[in-house]
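Quick notes on the structure that follows.
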Amino acid sequence: MSTIKLHNKYFKPFISSKQISLAVAKMAELMEKDLNGEVPIFVGILNGSFMFAADFIRSYNGNCEVSFVKLASYQDVNSTGTVKQLVGINENLEGRTVVILEDIIDTGTTLEEIYSIFRDKKLKQLKIATLFFKPDVFRKGLHIDYIGISIPDKFIVGYGLDYNGLGRNLAAVYKLTTQKMTNIVLFGPPGAGKGTQADILKDKYKLIHISTGDVFRFNIKNKTELGMLAKSFMDKGDLVPDKLTIDMLKAEVVRNAGANGFIFDGFPRTESQARALDAFLTEKGERINGMVALEVPENLLVERLLERGKTSGRPDDQDEEKIRNRFNEYNTKTAILQEYYQAQNKYFGVNGVGSIEEITNRLSTVFDNL
Ligand code: AMP
């Protein structure tokens, strides 16, 4: 399970469907024992409880009746504090045992409404069962009989719960993430124009551009230890070893801690770099929003690189054999990253042939939606 997007917000896995079904089965078993042969009317509170009610009632082995009321209290990610009864209950409840099935109880406003709806119905007893409960924000002194899973005060979706209408169909529960950055991997073979475009896009989107190639070249020029270590690999067009590259990348991110986000250019270049980047960002509550790839045919790239080699001063641009080796490294180690990000629905290919401005416009259309 990975992070999902609903409307404009991101949610990450929080409670698995297995944990939920265990909690639901336990509640049903306990209630069956407590009711001791009595036939209850289960009342599900719509919309959120439809999935919990269905699973709960399916695990409940005794006889029972089922009904629903529809209440609404959430408008956005914050509780509005007002509850409306949209669909009422028609059954005669006098002398009956009613068990309320709630998906979640947080402040208790809905629960208070439920108590007031059933107060004058002359029930034998009213019991409250909620799958999720937020003890930290519960403000009412009302009794709750059965609690499935207590959770901290996080906004959650899935298993019947929604964010502005979406997410109810998810089998597991996800929580809102507090991601603050926009992090983009600018991808493509050597010579695709990543550096040129990143230079324009970093200003447009107020992001920090990290080119691992540039950082290595800076270190080589300044004869640092890192530069010395990287030089022999780079001069041949080989990739620099992962450990060295990953440590350097992390240091660059840490150095720019207050950034709105990053355009990673030339990183990741191997699957192990991609995994290290994901783990590193997850630790910070951040993520990669997307891999945006410049797609350019290889024959055009060789021409571009040889042309650039006349002025770039880069030894790896001037010799066709080194250029071919860089493509070989790209095709054998880097190109598979397309699948890595595709599997997370984060790959966006862009036609990289055209004028600089045309390509910037194509990239911007993708960036605007990330
Ligand atoms: P670039 O400027 O992105 O074309 O990178 C030039 C060279 O720097 C590559 O051919 C590699 O030798 C080295 N390099 C840059 N980024 C990486 C990376 N993520 N992993 C390994 N080597 C890299």
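The values are calculated or read from the model by the stated rules, or taken from the named source; none is laboratory data. Predicted model, so just to flag it, every value in this text is computed and none were measured. Cβ placement follows ideal geometry from the backbone for every residue including glycine, while neighbour counts extend to all protein chains displayed. Surface areas here come from the heavy atoms of the whole protein model, side chains and all, with no ligands, DNA or RNA. Shrake-Rupley method; radii C 1.70, N 1.55, O 1.52, S 1.80 Å.
With the checklist (1) at pLDDT below 95; (2) buried (at least 21 other Cβ atoms within 10 Å of the Cβ); (3) hydrophobic (A, V, I, L, M, F, W, C) in hand, flag the one item A198 doesn't pass.
Only one criterion in (1) at pLDDT below 95; (2) buried (at least 21 other Cβ atoms within 10 Å of the Cβ); (3) hydrophobic (A, V, I, L, M, F, W, C) is unmet by A198, namely (1).
Scan region 229-243 residue by residue and report those that are of a type in the set (A, V, I, L, M, F, W, C), within 8 Å of the ligand (Cβ to nearest atom) and assigned to a helix (DSSP H, G or I).
The answer is A230, F233, M234.
Identify, from the list F262, F218, F233, the residue that is touching a helix residue (DSSP H, G or I) at 6+ places or on another chain (Cβ under 7 Å) and among the aromatic types (F, W, Y).
Testing whether each residue is touching a helix residue (DSSP H, G or I) at 6+ places or on another chain (Cβ under 7 Å) and among the aromatic types (F, W, Y) leaves just F262.
Taking the criterion of being in contact (Cβ under 8 Å) with a residue 60 or more places away in the chain and part of a strand (DSSP E or B), would at least one residue in region 108-129 satisfy it?
Among the residues of region 108-129, at least one is in contact (Cβ under 8 Å) with a residue 60 or more places away in the chain and part of a strand (DSSP E or B), which makes the answer yes.
Checking Y74 against (1) at pLDDT 95 or above; (2) more than 20 Å from the chain's Cα centre (by Cα), only one condition comes out false. Which one?
If we test Y74 against (1) at pLDDT 95 or above; (2) more than 20 Å from the chain's Cα centre (by Cα), just (1) comes out false.
Which of the residues spanning region 294-314 are free of Cβ contacts under 8 Å to residues at least 24 places away in the same chain and open to solvent by less than 80 Å² (accessible area, probe 1.4 Å)?
Within region 294-314, L306, G309, S312, G313 qualify.
Which one of these does D317 not meet: (1) touching a Leu at 6+ places or on another chain (Cβ under 9 Å); (2) touching a residue at least 24 places away in the same chain (Cβ under 8 Å)?
Answer for D317: the failing condition is (2).
What's the number of the condition V353 fails, among (1) modelled with pLDDT under 90; (2) loosely packed, with under 15 Cβ neighbours inside 10 Å; (3) of a type in the set (A, V, I, L, M, F, W, C)?
(1)
Residue check: is Y163 under 18 Å from the mean Cα position of the chain (by Cα) and over 23 Å from A28 (Cα atoms)?
Taking the combined requirement at face value, the residue satisfies it.
Could you check region 274-311 and list, in sequence order, the residues that are within 20 Å of the chain's Cα centre (by Cα) and within 14 Å of the ligand (Cβ to nearest atom)?
Across region 274-311, the qualifying residues are A274, R275, A276, L277, F280, M291.
Would a scan of region 31-47 turn up a residue that is open to solvent by 10 Å² or more (accessible area, probe 1.4 Å), within 32 Å of the chain's Cα centre (by Cα), closer than 15 Å to I128 by Cα and of a type outside the set (K, R)?
Yes.
Residue-wise test of (1) more than 16 Å from the ligand (Cβ to nearest atom); (2) in a strand (DSSP E or B); (3) of a type in the set (D, E).
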residue	(1), (2), (3)
N169	yes, no, no
N183	no, yes, no
G191	no, no, no
D199	no, no, yes
K204	yes, no, no
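Please verify whether V296 is closer than 26 Å to Q342 by Cα and touching a Pro at 6+ places or on another chain (Cβ under 8 Å), treating the condition exactly as stated.
For V296, the condition - closer than 26 Å to Q342 by Cα and touching a Pro at 6+ places or on another chain (Cβ under 8 Å) - is met.
Can you pull out every residue in region 171-181 that is assigned to a loop (DSSP other than H, G, I, E, B) and closer than 15 Å to F14 by Cα?
Across region 171-181, the qualifying residues are A171, A172, T177, T178.
Among the residues of region 251-266, which ones are within 21 Å of the chain's Cα centre (by Cα) and either crowded, with 18+ Cβ neighbours inside 10 Å or within 13 Å of the ligand (Cβ to nearest atom) (or both)?
Correct list: V253, G261, F262, I263, F264.
Among the residues in region 211-222, are any at pLDDT 95 or above, under 21 Å from V185 (Cβ atoms) and within 27 Å of the chain's Cα centre (by Cα)?
Within region 211-222, one or more residues are at pLDDT 95 or above, under 21 Å from V185 (Cβ atoms) and within 27 Å of the chain's Cα centre (by Cα).
Conditions tested, residue by residue: (1) closer than 30 Å to F14 by Cα; (2) open to solvent by less than 50 Å² (accessible area, probe 1.4 Å); (3) among the small types (G, A, S); (4) in contact with a Cys (Cβ under 7 Å, 6 or more places away or on another chain).
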| site | (1), (2), (3), (4) |
| --- | --- |
| F155 | yes, yes, no, no |
| L166 | yes, no, no, no |
| N183 | yes, yes, no, no |
| K202 | no, no, no, no |
| I210 | no, yes, no, no |
| D214 | no, no, no, no |
| N219 | no, yes, no, no |
| L239 | no, yes, no, no |
| K243 | no, no, no, no |
